[in-house]
Each structure stands twice: as structure tokens, then as C-alpha cells.
Amino acid sequence: MRLLAMLLAARAARALRPALRPPRAPPQAWRRFAATQEPPPKETEIIPIELEDEMADSFMKYALSTILGRALPDARDGLKPVHRRILFAMRELKLEPSSQYRKCARVVGEVLGKFHPHGDSSVYEALVRMAQDFVMSERLVDGHGNFGSVDGDPPAAMRYTESRLTKFAASALLNSSDLGQGRAGASLNGGIGVRFSENFDASEYEPDVLPARLPVLLVNGAQGIAVGMATNIPPHNLGEVCDAALGLAKAAKNNEVFDDDALLRALPAPDFPTGGLIMGTTGVARAYATGSGSVLVRARTSIEKLRSGRTAIVATELPYLVSKADLLEKTAEAVNNKKLQGIRDLRDESGRAGMRVVFELKRDAHPETVLANLFKSTRLQASFPANLVAVDCIRDENGVEDPDRKAPVRLTLRSALERWMRFRFDCVRRRASYEEARAAARLHIVEGLVLAQAAADEVVAAVRKSASPEDARNLLMNGGVPGLKALSETQARAVLALTLSRLTSLAANELKDEEADLTQELARLRNELENDSAVYDRICGELEDCKKRFGGPRRSEIVEEDSGEVTEEDTTPNERSAILALAGNYLKRTSLKEFAAQARGGVGRRAAPLAVEHLATCRDHDTLLCITDAGVAYGVRAFKVPQASRAARGSPLSRVLPVDADRSIAGLLPVSQQQLEGDQDYVVLVTKQGLVKRTPLSAYRDMTSRGKIAIRLNEGDAVGWAALCTLGDSLVVATAKGMLLKYDVDAVRETARATMGVKALKLRDDDELATARVVAPDKDHVLVLTAAGYGKRVDVEAVRARSRATMGVQAIKFKKEGDVLVDVRGVADDDEVLVVTSGGTIARVAANTIAAQSRTAKGVSVQKSTAKDPCVGISLVPGDLAGVVADE
Ligand SMILES: *[C@@H]1O[C@H](CO)[C@@H](O)[C@H](O)[C@H]1NC(C)=O
Ligand SMILES: *[C@@H]1O[C@H](CO)[C@@H](O)[C@H](O)[C@H]1NC(C)=O
């Protein structure tokens with residue numbers, strides 16, 4: 001919801017930009033403005049000014065204050081001013097990780113009163129956000145009470161909720177050794193690692209930036225909209241961010257290059273606190289290289305069998321910033337509007353064990369397809385438009401930073417890390433210089449004390465003789481004590497403040513130890529001040545410490561191969577269908593479930609209002625090789641053939657494939673992707689004039705809908721039949737007069753696509769080729785069908801293989817005068833066939849219900865047919881389908 005609102009606002013900002021942008025102000029005008037803020041004129045005078053100029057100036061002032069003062073995070077500590085002020089105020093209130101929780105209202109009051117004179121709700125909102133573990137990779141505020149939920153529920157009012165700092169915030173952002181001790185540190189107006197500035201009414205000091213020990217900007221990300229610009233930085237895995245920063249620091253220390261590959265290996269992609277799957281890293285890589293790019297995130301889902309026996313899709317992790325309640329609502333809406341099919345019920349079963357959104361499916365739904373549709377049309381898959389923009393200090397031409405002049409910059413992954421590194425380097429140097437001064441001062445005193453202790457008796461005697469403390473001090477400073485060299489004033493004061501207990505030998509040893517420690521510490525700090533390597537070592541040490549204490553495993557899984565794009569294939573169930581080519585060049589796809597099993601001899605259901613010319617059964621994801629009588633082959637995915645009911649005509653072929661209107665289809669061959677990629681299958685083509693040709697299916701591999709030549713034809717010839725075969729299959733060709741010839745497909749030499757065929761059989765002058773079929777070796781009978789609807793099965797043994805280009809044997813005698821053989825098919829006992837009439841009636845018949853007879857027998861009635869509506873062909877129903885259809 002929040003993301004959506006931001007996107008809308010961003011769009012609005014973009015739309016408004018041309019109108020709002022003052023005509024004379026170039027995009028960088030505010031930069032110049034920032035550089036030339038002049039004090040207002042002292043005396044009242046009227047300054048003539050162009051309206052346009054005034055508008056430009058005023059608007060820029062407003063834009064600048066929004067951009068720098070509110071909406072965008074700082075590139076150094078990754079915080080917007082309001083976040084920084086909340087955290088600092090909480091530290092000032094001593095809301096440490098180990099202390100008691102305090103009311104959020106107290107914190108908000110403190111922030112409003114001291115640092116951030118804006119609305120209390122915006123401060124509380126920011127505070128709540130820092131406490132939400134579904135927003136923050138690493139929470140900065142430890143909340144107690146209702147801080148809202150991933151459902152988009154609002155938090156309780158600030159008078160009810162309590163908070164304190166998390167360990168992470170206390171050590172990575174607010175460590176006292178970087179920031180200084182409480183008010184004392186603040187009043188230094190220098191801080192230790194970072195600079196402090198006056199607050200809005202100059203009554204307090206606040207840090208300009210928090211001394212982040214790791215790139216918090218990348219760890220927790222940021223979202224914000226300013227005037228005319230927005231930022232959207234995804235959160236990352238703390239361990240990975242540390243690794244990337246460590247790699248960079250070590251390379252900087254050794255003057256080496258930390259190249260992009262190494263950087264991406266350390267930090268390959270965002271990591272969302274809500275987990276999910278990151279689909280591909282192309283968009284991520286673009287975002288990292290240019291500062292803007294899109295990251296596709298998918299919910300983590302699984303397909304489960306419920307106790308009710310139904311299947312359900314269960315989502316356990318949602319994309320970042322997607323509200324669960326919102327998702328459920330939108331999905332329910334889409335289901336009700338029939339935009340999403342196959343979902344019966346949706347429930348939110350989330351509880352203590354974690355998130356669990358259940359989409360219960362209808363019995364006939366395909367889980368993968370429903371899931372793909374959910375990804376496509378709901379926010380179960382959402383893209384995160386990364387836009388790495390942050391505020392940074394402007395540097396002059398010598399690279400020196402001006403802490404008072406800031407500008408928004410577009411960051412890359414590298415520049416974000418480098419920006420932080422430069423900042424941290426300065427922090428460590430500043431801290432070293434502060435600590436060095438402090439240690440040197442202390443060492444000076446300790447040295448004095450050690451000297452005084454060595455001559456304790458003389459010092460005591462001299463002090464006793466002195467008239468006043470001033471006298472004693474002067475004595476010590478002038479070297480007036482025997483055996484003790486002259487001390488400085490500080491040392492003298494410290495000596496005089498010694499208690500008697502400090503004169504014990506134990507205390508003396510303690511002082512000596514302290515002196516040694518301080519000397520060592522000073523050497524280290526002085527090295528840190530002069531030696532860059534030492535600073536990088538410190539940075540690395542701190543990073544490793546943070547990684548060890550706060551790092552955890554990655555929550556979002558990176559899915560490399562998948563682009564996450566939901567294709568038509570994904571959203572189409574791989575159902576079994578019949579593809580029908582109808583007279584007049586119509587093509588349609590009908591679910592096989594529409595053809596019920598039917599007893600032998602019954603009137604079949606009409607499959608189409610027009611004569612059926614071809615019928616092929618396939619799965620919807622198969623590729624359909626469509627071969628025209630002109631010998632051109634086209635490839636089309638079966639699901640691209642428009643679906644139509646049994647009674648519908650379908651679509652004109654020319655709308656599916658670029659086939660000339662006067663051409664007809666000679667063969668529809670469904671092939672699976674596996675077949676297409678293998679080398680087992682061949683395409684057999686037989687022409688009307690009786691030429692046959694066998695070509696490997698691989699020659700059709702990169703078939704497109706543009707068409708390729710499948711055979712060279714003689715003048716006046718046309719392709720009549722097309723089929724797939726493998727070695728071991730037989731080719732059966734049969735004539736109208738009932739002659740049948742069978743031989744191994746091997747007998748037809750394998751040739752390339754665009755060549756001529758060879759002679760398939762010897763034809764009598766008064767006869768013509770009626771059909772050509774491939775018969776697999778497991779088919780023990782040949783089913784023969786006549787136009788009048790008579791059929792029989794003939795044992796394959798009775799039609800033994802003969803040589804190619806011979807005459808063959810008689811396969812049927814005709815009951816009726818003028819009847820002709822129309823089709824033959826190889827069948828096994830448990831096969832089912834579809835018997836098709838020219839009028840479009842289809843009867844579904846079990847093969848073993850058709851009588852097995854001798855070659856010369858006349859057959860039995862298989863399908864009622866008339867002279868007007870003769871039988872035209874037989875099609876096999878795949879064996880494994882029988883059960884599916886029988887259920888109905
Ligand atoms: C603050 O920094 C110091 C020095 O790096 C470290 O020893 C200490 O543990 C840090 N404090 C916290 C609360 O992490
Ligand atoms: C710089 O510091 C490192 C330790 O951090 C040390 O090994 C190296 O010798 C120092 N270099 C110089 C020039 O002092």
C-alpha cells in the first residue's frame with residue numbers, strides 16, 4: 001500500500017514537473033542557489049524583481065528544503081533527518097538496549113521539542129517504521145506493543161507503545177566512542193567522529209550525521225519522495241554489505257582494484273526482510289551499475305495437498321512492502337470478476353508459526369497455471385523499482401567536502417559503498433585525533449604522578465613546609481623539591497590532589513601500568529593519524545565485529561535462471577486438446593474432455609459445424625507442425641490456436657498462420673519440445689501422386705510461423721499426408737479400391753527438407769491413393785474404414801511388409817456398391833479411435849469393439865454415415881487419456 005502510494009506520488013510528481021519547474025531555472029539552479037545564499041538586505045527597500053525569478057527562487061528554496069531536510073536519506077549514515085533525530089533523542093533519553101522501555105510519546109515529544117519542529121504523526125510514523133521487522137533489514141528501534149503488521153494494520157497510538165534502541169542502532173550508529181558521551185559530547189560542538197550543529201533554536205546541539213560503522217543505507221534501504229525526485233533503495237543482507245565494504249576497504253588499503261565481479265560476488269542482490277524469491281539479477285545489476293533498475297520479487301509458494309483432499313497454493317513469504325490484507329482483497333476481487341480462474345477459496349492462516357496465505361484450488365484446476373496467473377495479475381509477484389538517490393555533501397574542485405552544502409546524487413552500488421567508506425575514514429581519523437589529544441593529556445599527568453611518587457617523602461615534606469596551596473604548587477613547578485624535576489602546572493595540580501592512599505605501592509604500580517598502556521595507545525593513535533593503512537585496518541575490524549554480531553543468513557533467495565517473466569506458456573494449462581482443421585480452412589482447438597466415450601455404431605457427437613479435414617490430439621504446450629498441400633511447413637504452439645467449443649467453427653487458418661487462402665492443410669503434427677530437441681523422430685510426407693519422403697524432425701527445430709519448404713513437388717502434385725515416425729515403424733499406404741502396401745519406414749531414404757520424394761507404391765490406372773499412415777510396431781491390427789462407415793481390424797501379420805513401390809494386397813471388400821476405402825490406422829487392443837465424418841460428426845470407439853476379420857472380409861458398421869456425410873478418417877486417442885475421459 002505504502003509502495004503504491006509512493007509510486008502514485010512519484011508519478012504525480014513526474015506529471016507535475018513540467019508545470020512546476022520554473023522556466024528560467026536549469027536543473028542545477030538550486031545548486032547555484034545553495035552556493036549563494038545571501039543575507040537579506042538590512043534596510044527596508046523595494047527591490048524590483050521579475051515574478052519568474054522570484055518564483056524560481058522561492059520554489060527552489062522550498063524544493064531544496066524538502067529534498068535535503070526531509071525526504072531523502074543521507075548517503076553517509078543512510079538516515080533521513082527525522083530518523084537521525086529520533087535515534088539521537090532516544091540516546092539522550094538513555095533508552096539503551098539494556099534499559100527499560102519508555103513510551104513512544106516521550107520520544108516523539110523530545111524529538112519535536114529539541115530537534116524536529118514538524119508534525120508529531122510524521123515523527124511517530126518514522127519511529128514505527130524503524131521498529132518494523134518487515135520493513136527494516138536490521139531494526140533500529142526495539143518496539144514494545146502494537147507496531148502495525150505486514151497486513152497494513154496501523155500501529156497503536158504513541159501513548160500506548162513503548163520503545164528503546166536496538167543493539168544494532170546503539171553500536172553501529174550511536175557508539176559513544178564515535179559520537180561522544182551524552183550532552184557533554186554534544187556540547188563539544190565537534191563531536192568525536194562527526195560534527196555537531198545547533199538545533200533550530202540554537203538551544204541544543206545535534207549531530208549532522210551519525211557515525212555509521214557500516215553502510216546502513218544499503219542494509220536498511222530507504223524510500224522517499226521529494227519534490228521532483230524520489231528514492232527507492234532496497235534493503236540488503238548485513239553480512240553481504242559488510243563483505244562488500246570489507247573487500248573495498250582491503251583493496252583501498254593495498255592500493256588494489258576491487259573489481260565489479262568481486263563486488264557482485266560479495267553483494268549479488270538485495271535481501272528483503274520479508275524473504276521471497278529474487279527473479280534474475282539482470283535488473284539488479286543494472287540498478288547497481290546505473291542507480292536505477294527493477295528487481296522482480298516473487299512470493300515463496302508451495303503446492304500442498306490439504307486434508308480435505310484438495311490442492312492449495314500456499315504462500316509463506318510475500319514480496320517486500322506488499323500488504324497481505326491488500327493482496328487477499330485484490331485476489332478475491334479478481335476471482336469474483338472471473339479474471340482469475342481455478343481458485344475456490346482463499347484464506348489467511350498466518351499465525352505464530354509465520355505467514356501462510358492459502359489459495360485453495362478447484363478440483364480441475366492446474367496448480368502451476370493458477371500460480372502463474374497469480375504471479376501475473378496479483379502482487380504475489382511485484383517489481384521493486386530501485387532508484388538509488390541520496391543526499392551527499394558537495395565537494396570543491398580539490399575534493400574537500402563542505403559539510404554545509406549538500407546535494408542529491410544518484411548512487412551506484414560502488415559509489416554508495418565508497419561514499420560511506422570516505423565518510424567512515426574521516427570519522428576514524430577524527431576520533432583518533434580526539435583520543436590522541438585525550439591520551440596525551442592523561443599521559444602528561446600520569447608522568448607527573450609517577451615522578452612525584454618516586455620522590456614521595458620529599459614531596460610530602462616540601463608540601464608541609466609550604467604556607468599555602470599556591471606556594472606548594474609553585475614549589476613543585478619551580479623544581480624546588482629535591483630529587484624531583486620541575487612539573488607543569490597541570491601536573492603540579494594533579495600531584496597536590498593526590499590522596500594518601502595513592503602513595504601505597506599498589507597504587508604506584510597501577511600508575512606505572514597506566515603509563516605504559518597510554519604510551520602504547522598513543523603510538524597506535526599517532527599511527528592512525530598518519531598512516532592510512534591503520535585507518536583501513538580499524539574500519540575492517542569494526543566491520544568484522546558488526547558482521548559477527550549482527551550478520552545472518554540471506555532471506556531472499558536468488559533465482560538466477562528465470563527472468564521471472566510470466567509467459568503465455570506459464571499461464572496456459574498443458575491440457576489435452578484436439579486440433580481440428582475444418583473445411584474452408586478453419587482451425588480450432590477443443591478440449592478433449594468434450595468428446596465423451598461412445599459405443600460402437602452410435603451417432604457421434606458433432607465436433608464441428610463443418611467437415612473435419614484433420615484432427616490431431618496433443619497437449620497445449622506442444623508445437624504444431626502444420627504442413628500445407630503446397631509442401632510448406634509452419635510451426636505454431638498449440639495454445640496459440642484459438643480455443644473453440646465442439647459446435648463452433650473456429651478461426652480462419654490465415655488468422656493463425658500466414659497460409660494462402662487457396663491452400664489446404666495436408667497434415668497437423670503435434671510435437672513436444674522433447675521430440676523437437678531429440679533426434680529420434682522423422683517427418684514422413686506422402687504426395688497425392690504417390691511420392692514419399694522422410695526427413696529428420698530436427699530439420700524443423702527452429703520452425704517459426706513464417707513457414708519453411710518441407711518438400712519439392714512435381715508440377716500438379718500436392719502433399720496429401722504427413723506423419724511422424726521413428727525407426728522401426730512401418731508405413732502403410734492404401735488406395736481407394738482397397739489395396740494396401742506396408743513396408744519399414746527405413747525403406748524410404750532419409751533426406752533433407754527441401755528435396756523431392758521417391759515412389760511410395762505402384763498404382764493401378766483406375767485407382768488412387770486414399771491414405772498413408774505410419775504404424776508403430778506395438779500395433780497388432782490395422783483398422784480399415786470405408787466411406788460408408790464399415791470397418792474392421794486386420795491382423796498386421798496378414799499384411800506382411802513388402803518392398804516399397806510395389807502394388808500391395810487387397811485389404812477390404814466393399815459391402816456397398818461404389819464404397820471406397822478412406823483411411824487405415826494401426827491399432828492396439830486398448831486403443832480408442834475417433835471416427836470422423838465429413839459433416840463433422842465424431843464417434844469415439846474402443847478399437848477392440850470393432851471386429852477383427854480377414855483381409856477379404858467386408859467389415860462391420862462402425863459409424864452411421866450417409867452419402868452426404870461419409871466417413872473420412874480415423875484418429876487415435878492416446879491410450880493414457882481413456883481414463884481421464886471415462887471419469888465424466
Ligand atoms: C563502541 O566501540 C568500541 C570501540 O570500537 C567498542 O569496544 C564497543 O563495544 C562499542 N560499543 C557498543 C555498544 O557496541
Ligand atoms: C601503518 O600501519 C600498519 C598497521 O596498521 C603497519 O603494519 C605499517 O607498518 C604502518 N606503516 C607505516 C609506514 O608506519
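The values are calculated or read from the model by the stated rules, or taken from the named source; none is laboratory data. Note that the structure is a prediction, hence the values are computed from the model and not measured. Please note: Cβ atoms are built from the backbone with ideal geometry, for glycine as well, and neighbour counts cover all protein chains shown. Side chains included, ligands, DNA and RNA excluded: accessible areas come from the protein's heavy atoms. Shrake-Rupley method; radii C 1.70, N 1.55, O 1.52, S 1.80 Å.
Leaving out ligands and nucleic acids, note down the accessible area per residue over the chain with a 1.4 angstrom probe, in whole Å². Walk me through the numbers before you get to the answer.
Details: 41030 Å² over 888 residues.
On a per-residue basis, 46 Å².
Using a probe of 1.4 angstrom, how much of the accessible area of the stretch 300-379 is carbon and sulfur, in percent? Can you show the working numbers first?
On the way: 1950 of 4270 Å².
On the stretch 300-379, the fraction of accessible area on carbon and sulfur atoms equals 46 percent.
With a Förster radius of 45 Å, plug the Cβ-Cβ distance of residue 50 and residue 398 into 1/(1 + (r/R0)^6) and report the FRET value to the nearest 0.05.
Values: r = 36 Å, r/R0 = 0.79.
The computed FRET efficiency comes out at 0.80.
What distance in nm lies between label points placed 7 Å from Cα along the C-beta direction at residue 640 and residue 702?
Taking the simple label geometry, residue 640 and residue 702 are separated by 1.6 nm.
Please turn the phi angles of the stretch 86-96 into ³J(HN,Hα) values with the Karplus equation 6.51 cos²θ - 1.76 cosθ + 1.60 (θ = phi - 60°), one per residue in order, whole Hz, x for glycine and proline.
4, 5, 5, 5, 5, 5, 5, 7, 6, 8, 6
Specify whether the C-alpha gyration tensor of the stretch 576-887 places it in the rounded, prolate or oblate class, a ≥ b ≥ c being the square roots of the eigenvalues: rounded for a/c under 1.5, otherwise prolate if a/b is larger than b/c and oblate if not. Could you put the intermediate results ahead of the total?
Values: a/c = 1.43, a/b = 1.07, b/c = 1.33.
Rounded.
Net charge near residue 462, counting Lys/Arg +1 and Asp/Glu -1 over other residues with Cβ under 15 Å of its Cβ? Mind dumping the intermediate values first?
Working: positive: 464, 465, 473, 485; negative: 457, 458, 470, 471.
The answer is 0.
Order the peptides 268-279, 748-759, 769-780 from the highest to the lowest mean number of other Cβ atoms within 10 Å of their residues. Before the final figure, lay out each step's value.
Numbers: 268-279: 24.5, 748-759: 15.3, 769-780: 19.7.
Put in order of decreasing packing, that is 268-279, 769-780, 748-759.
Can you list residues whose amide H is under 5 Å from residue 876's amide H, if they're 5+ apart or on another chain and H is modeled 1.01 Å from N?
Answer set, sorted by chain and number: 834.
Between residue 58 and residue 471, how many nm apart are label points set 7 Å from Cα along the C-beta direction?
So the label points at residue 58 and residue 471 sit 7.6 nm apart.
Hey, can you grab everything whose amide H is under 5 Å from the amide H of residue 346? Only 5+ residues off in sequence or another chain; H modelled, so Pro and N-termini drop out.
360
Sticking with the crude label model, points 7 Å out along Cα→Cβ, report the distance from residue 673 to residue 548 in nm, one decimal please.
4.9 nm
So how much slack lies between residue 570 and residue 450, counting 0.36 nm per residue of separation and subtracting their Cα-Cα distance, in nm? If you can, show how the numbers build up before the last one.
Values: separation 120, 0.36 × 120 = 43.20 nm, distance 8.21 nm.
Net length gain for the segment: 35.0 nm.
Gain in length, residue 555 to residue 329, computed as 0.36 nm per residue apart minus the alpha-carbon separation, to one decimal in nm? All intermediate terms of the calculation are to be shown ahead of the outcome.
Values: separation 226, 0.36 × 226 = 81.36 nm, distance 2.61 nm.
Taking 0.36 nm per residue and subtracting the Cα distance, the gain is 78.7 nm.
When the chain is fully extended, how far beyond the present Cα-Cα distance does residue 153 get from residue 286, taking 0.36 nm per residue of separation?
44.5 nm
Quantify, in whole percent, the carbon and sulfur part of the accessible surface of the stretch 66-210 (1.4 Å probe; protein heavy atoms only).
Details: 2610 of 5410 Å².
Ligands and nucleic acids excluded, carbon and sulfur reach 48 percent.
List the residues whose amide H sits under 5 Å from the amide H of residue 613, counting only those 5 or more places along or on another chain, with H placed 1.01 Å from N in the peptide plane.
581, 582, 583
Dipole of the chain (Lys/Arg Cβ +1, Asp/Glu Cβ -1, origin at the Cα centre): which of 685, 789, 245 lies farthest to the positive side?
Farthest towards the positive pole: 789.
Among 458-469, 142-153, 239-250, 340-351, what's the highest-first ranking by average C-beta atoms within 10 angstrom per residue?
Values: 458-469: 13.6, 142-153: 17.4, 239-250: 22.8, 340-351: 15.4.
For the peptides 458-469, 142-153, 239-250, 340-351, the packing ranking is 239-250, 142-153, 340-351, 458-469.
Given a 1.4 angstrom probe, I'd like the percentage of the accessible area of the stretch 403-476 that is carbon and sulfur, rounded to a whole number. Before the final figure, lay out the partial values.
Values: 1830 of 3500 Å².
That share works out to 52 percent.
Below 18 Å, Cα to Cα, which lysines can residue 376 reach? Residues fewer than 8 away in the same chain don't count.
By straight Cα distance, residue 376 reaches 324, 330, 338, 339.
Identify all lysines with a Cα-Cα distance to residue 512 below 24 Å; exclude those on the same chain that are fewer than 8 residues away in sequence.
Candidates past the 8-residue exclusion: 485.
With a Förster radius of 35 Å, plug the Cβ-Cβ distance of residue 583 and residue 744 into 1/(1 + (r/R0)^6) and report the FRET value to the nearest 0.05. Write out the running numbers ahead of the final one.
Details: r = 34 Å, r/R0 = 0.98.
Plugging the Cβ-Cβ distance into 1/(1 + (r/R0)^6) gives 0.55.
What lysines could a cross-link reach from residue 548, if we take a straight Cα to Cα line under 16 Å and drop same-chain neighbours fewer than 8 places away?
167
Can you give the FRET efficiency for residue 654 and residue 709, using 1/(1 + (r/R0)^6), R0 = 22 Å, r = Cβ-Cβ distance, to the nearest 0.05? Please report the intermediate quantities before stating the final value.
Working: r = 19 Å, r/R0 = 0.88.
Using R0 = 22 Å, I get an efficiency of 0.70.
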